[in-house]
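What follows is calculated from the coordinates using simple rules that are stated; it is not laboratory data. As the structure is a prediction and not an experimental result, all values here were calculated from the model. Neighbour counts run over all protein chains shown; Cβ positions are idealised from the backbone, glycine included.
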Amino acid sequence: MDLVEKRIKIDGVDPLSLLGINDSNLQIITDRFDANIVVRGDNILIRAGEDEAVRIEKVFKELMYILDRTGILKPDDVVTVVELISGESAEGEQADRDIIVLSAKNDLIKPKTPGQRQLVRAVRRNDVVFAVGPAGTGKTYLAVAMAVAALRNKEVQKIVLTRPAVEAGESLGFLPGDLKEKVVPYLRPLYDALDDMLPQDKLKLYVEKNAIEMAPLAYMRGRTLGHSFVILDEAQNASSMQMKMFLTRLGLNSKAIITGDITQIDLPQKSLSGLVEIQKVLKNVQGVSFVFLDKTDVVRHKLVKDIIDAYERYNTWDGKD
């Protein structure tokens, strides 16, 4: 096995808090990985196989992030991060380690269902991913979490969040207020997800620096979005032309997640949903992936599954008792 060397600079955190008293936190890491880990001054030197070295680097970056956010790093935190990134889950499946986000509630956000794990894998392997499924399956929340992780890890330079604004039944120009006031109602689910994952001061700073941008889909026309993580939410309400416009905005080193529920289309009846059409247009394009979530992936209140079932029965009811 070829070995590689990685150097991690201990930046912005107390080395003793990171490594633990008598290097107890470091010991948890070295016990789990097949690697030689040495601390020299403010640098951590890793010598291991390439995949192992990458995982260890992710562990230290995640621990430094937790320590920076909370000011304390408990042994349980170290164990949790190591288990998420390194080994196998209790079911014997390889867990999805790349999408670890510490929310404002100090919770680790990770996929909870088979469909969500499939979504994470698809985003890891493809630049354009469509997540299609009913309400409550975590499409938007998980997409935002992956975008925040990519921005935090400097894999992208900015996050762009957008939705069609068809729900109002009128042009944004006729709504009161400035642009931000006009679009807040349509972007509220995206705001809520960001609020849950980032401290208010951090989120405000990102927005002020334009590292996080939220705008209606119509405002994407004519732009090129490079080095960005782009999310189109409620894509079932994007027309065919809007979907093409959005997908052709992607620039270099960018990723896009398009989420939507084709059972909740608000477009006029004669208008074809771009999310419906695109499944045929791009079905054989390499680098594009479609992930279909269903009621088994619902992570909201348990009644949400029952409500989805009830609607499915109603829509297929033939009128006979």
Simple Cβ-charge dipole of region 203-284, Lys/Arg +1 and Asp/Glu -1, about Cα centre, in debye nearest 20: 340
Sort region 179-290 into rounded, prolate or oblate with this rule: let a ≥ b ≥ c be the square roots of the eigenvalues of the Cα gyration tensor; rounded if a/c is under 1.5, and if a/c is not under 1.5, prolate when a/b is larger than b/c, oblate otherwise. prolate
Karplus (6.51, -1.76, 1.60) ³J(HN,Hα), θ = phi - 60°, over region 231-241, in Hz, Gly and Pro reported as x: 10, 9, 9, 6, 5, 4, 9, 8, 6, 4, 5
FRET efficiency estimate (nearest 0.05) - Cβ-Cβ, LYS112 to ASP23, R0 30 angstrom: 0.35
Trypsin sites (Lys or Arg not before Pro) within region 221-313: which are DSSP loop residues with at most 15 other Cβ atoms inside 10 Å? ARG221, ARG223, LYS270, LYS283, ARG300, LYS302
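Strictly over 21 Å apart at the Cα level, which of LYS158/LYS209; LYS9/LYS154; LYS74/LYS154 would you flag in this model?
Details: LYS158/LYS209 10 Å; LYS9/LYS154 15 Å; LYS74/LYS154 26 Å.
Distance filter (> 21 Å) returns LYS74/LYS154.
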